[in-house]
Structure formats: structure tokens, C-alpha cells
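Worksheet: one structure, shown below.
The values are calculated or read from the model by the stated rules, or taken from the named source; none is laboratory data. Remember, predicted model here, so these are calculated numbers, not experimental data. Please note: Cβ atoms are built from the backbone with ideal geometry, for glycine as well, and neighbour counts cover all protein chains shown. Ligands, DNA and RNA are excluded from the accessible area calculation, which covers all protein heavy atoms including side chains. Shrake-Rupley method; radii C 1.70, N 1.55, O 1.52, S 1.80 Å.
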Amino acid sequence: FEVTTMESTVARSTATERFSMLLQLVFAAVALALAVVGIYGVLSYSVAQRTQEIGIRMALGAAAPQVLGLMLRQGLAVIGAGLLVGLLGALLLSRTVASIVFGVEPTDPVTLGSVAVFLGGVATLACWLPAWRATRTDPLGSLRSD
């Protein structure tokens, strides 16, 4: 006789599903981190390439909020396009996703909307730091660099 508690019996019977969900969580976190690092890297590179242009804009009187807005608009345009393509892809692949999503419909508008808002917010934060650094550009120093 193998007498065990109900808690250990339930834990043993759901161990595979729990491990699968933990593995998916780890992969999702790694994917999110890679996306944030990628967005940050691309926008940082863009700011570095446009240092002279930003310096000229600031020398001609552009205020820091204008430069910040310019750089954020550039990043947010790409983020918006990526979110749109991602949402369309999620809707098209909803039948495939239905087998791994438990308790939520794959086309649930609240879920899709909250994920889009979360990813958009994280991507916006990844864009904000290079854009903020662009506002700290010394106009005279950037003009003298070339």
C-alpha cells in the first residue's frame, strides 16, 4: 500500500504540466529580454549614427523635448508595426496556440490587448533610454567630431 496525501498525489499528477509551463515561462522571459536588448541596441546605434544631425538640430535651437520626441517617434513607428504584425500572426495561428493555452481563448480580446500593451510598454522603455541620451548630446562636441 502506498499511502500518500492528496496534495502529493495531485502534485505528482500535474508535475508534467507544471514543468511545461515553467519552461514556457523561462523561454518567454528570455525572448522578452532579447527583444528589449535588440530594440535598445538598434535605437542606440541609430542615435550614434545621427549624433551630428542631433547636434545640428540642437545648435539651431531644438529643445531637448523635441529631440526626445523625434527619437521616440522613430522607435515607436517600428514598435507599432511589430505589434500589428504580431497581433495578426497571433490571430492567424490561434488554432495552433489553442492546444497550449489553458483556460483562455486564444482570440480573447482582453488577453491580446493586455499582452500588446505590456509589450508596447516594455519596448517603449527600451526606446526611451537612447532617446533620452540623445537629448544630452553636446551640440558643439558633436559638430567638432568630424
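For the range 48-69, the set of residues classified as part of a helix (DSSP H, G or I), more than 10 Å from residue 135 (Cβ to Cβ) and of a type in the set (A, V, I, L, M, F, W, C) consists of 48, 56, 59, listed by residue number.
The single residue among 1, 19 that is farther than 15 Å from residue 129 by Cα, at pLDDT below 85 and open to solvent by 60 Å² or more (accessible area, probe 1.4 Å) turns out to be 1.
For residue 11, the conditions (1) closer than 22 Å to residue 143 by Cβ; (2) part of a helix (DSSP H, G or I) all hold with the exception of (1).
Counting the residues of the range 81-92 that are in contact (Cβ under 8 Å) with a residue 12 or more places away in the chain and closer than 16 Å to residue 121 by Cα gives 4. Among the conditions (1) farther than 22 Å from residue 20 by Cβ; (2) modelled with pLDDT under 85, the only one that residue 86 does not satisfy is (2). Within the set 55, 41, 80, 61, the sole residue that is more than 30 Å from residue 20 (Cα to Cα) and modelled with pLDDT under 85 turns out to be 55. Summed over the range 75-93, the residues that are open to solvent by less than 70 Å² (accessible area, probe 1.4 Å) and either in contact with a Leu (Cβ under 9 Å, 6 or more places away or on another chain) or within 30 Å of residue 53 (Cβ to Cβ) (or both) give a count of 10. Of all residues in the range 94-125, those satisfying the criterion of being farther than 18 Å from residue 25 by Cα, modelled with pLDDT of 85 or more and open to solvent by 80 Å² or more (accessible area, probe 1.4 Å) are 109, 110, 117, 125. Tell me yes or no: at least one residue of the range 48-60 is surrounded by 12 or more Cβ atoms within 10 Å (Cβ to Cβ), touching a Cys at 6+ places or on another chain (Cβ under 6 Å), touching a residue at least 12 places away in the same chain (Cβ under 8 Å) and within 25 Å of residue 142 (Cα to Cα). Among the residues of the range 48-60, not one is surrounded by 12 or more Cβ atoms within 10 Å (Cβ to Cβ), touching a Cys at 6+ places or on another chain (Cβ under 6 Å), touching a residue at least 12 places away in the same chain (Cβ under 8 Å) and within 25 Å of residue 142 (Cα to Cα), which makes the answer no.
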